[in-house]
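The values are calculated or read from the model by the stated rules, or taken from the named source; none is laboratory data. Quick caveat, the model's predicted, so the values are computed rather than measured. Here the Cβ positions follow ideal geometry from the backbone for every residue, glycine too, while neighbour counts run over all protein chains shown. Note: accessible area is taken over every heavy atom of the protein model, side chains too, but ligands, DNA and RNA are not part of it. Shrake-Rupley method; radii C 1.70, N 1.55, O 1.52, S 1.80 Å.
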Amino acid sequence: MHVAVLGASGKGGSEIVKELVSRGHTVLGIARDPAKIASLDGVTVKAGDAGKPDELAPMLEGVDAVISAVHFDIDCDTLLTSVRNAGVDRLLVMGGAASLLGPDGVMLYDSPTFPEQIKPMVKPAITFLEELRKEKDIDWTFFSPAMLIFEGERQGPGSFRLGGDELVTDADGNSKISYADYAIAMVDELEQHRHSRARFTAAY
């Protein structure tokens, strides 16, 4: 497939680009500062701002899917406008974990143990998912990581487990995954298309 990755210079986006290329996909890597995108065979690099649909949409024309790894200062409608105007019908979004449900069925964001100081930072991702769930035309997927996503070793397929709207934890109650293994699950979803117009998550 020919895949556009928005935010290709970031921690998540860069691992997604590497995973895509390793599986033979071609990539259009887009970032505000394209010099920060790793130079890899199979990757075309362009400067682009996901907050400017009039500029971004023409860049996306002809790709099979868009993977967004940009921060949620870009709202849902703005991103959907770019994808829709480009004539692309598949969007995968690197989401956040705060909207996942805990063992009690309560959204983590609403749990009494959720840190108040980070609520303003994660609320835009929750709003983004709420808006995305109203979209009926573009085939979207929202992929929430574990509670802790970190730069670490690629453990590979089979090292993590998938979930739906509920937080995935290990036997000790921890929820974590590396960016590299998150990228594996993201590209798996691109190829296997198991969560159409749905959210899922992954953790060790």
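Residue by residue, region 40-45 carries 3J(HN,Hα) couplings of 9, 4, x, 10, 9, 9 Hz when phi is fed to the Karplus relation 6.51 cos²θ - 1.76 cosθ + 1.60 (θ = phi - 60°); x denotes Gly or Pro. Each residue, residue 192 and residue 40, gets one label point 7 Å from its Cα in the Cβ direction; the gap between the two is 2.0 nm. Are any of the pairs 11/36; 11/176; 11/136 more than 21 Å apart by Cα-Cα distance, and if so, which? Over 21 Å Cα-Cα: 11/136. Seen against the Cα atoms of the chain and their longest principal axis, helix 179-192 is set at about 70 degrees. Protein heavy-atom surface of region 1-98, 1.4 angstrom probe: 47% of the accessible area is carbon and sulfur, with nucleic acids and ligands not counted.
Taking the helices alone, the chain has a mean residue ellipticity at 222 nm of -8500 deg cm²/dmol, built from -39,500 (n - 2.57) per DSSP H run of at least 4 residues and averaged over all its residues. Take the chain with all the other protein chains still there, run a 1.4 Å probe, and you get 47 Å² of accessible area per residue. Summary of the geometry: region 106-160 and region 1-77, compared by the centres of their Cα atoms, lie 20 Å apart. For the chain, the longest principal axis of the Cα atoms and the long axis of helix 119-132 meet at an angle of about 60 degrees.
With K and R counted +1 and D and E -1, the other residues having a Cβ less than 12 Å from that of residue 79 yield a net charge of -4. Ordered from highest to lowest accessible area with the whole protein assembly present and a 1.4 Å probe, 160, 128 read as 160, 128. In order along region 80-86, phi translates into HN-Hα couplings of 4, 4, 4, 5, 5, 5, 7 Hz, rounded to whole numbers, per the Karplus curve 6.51 cos²θ - 1.76 cosθ + 1.60 with θ = phi - 60° and x for Gly and Pro.
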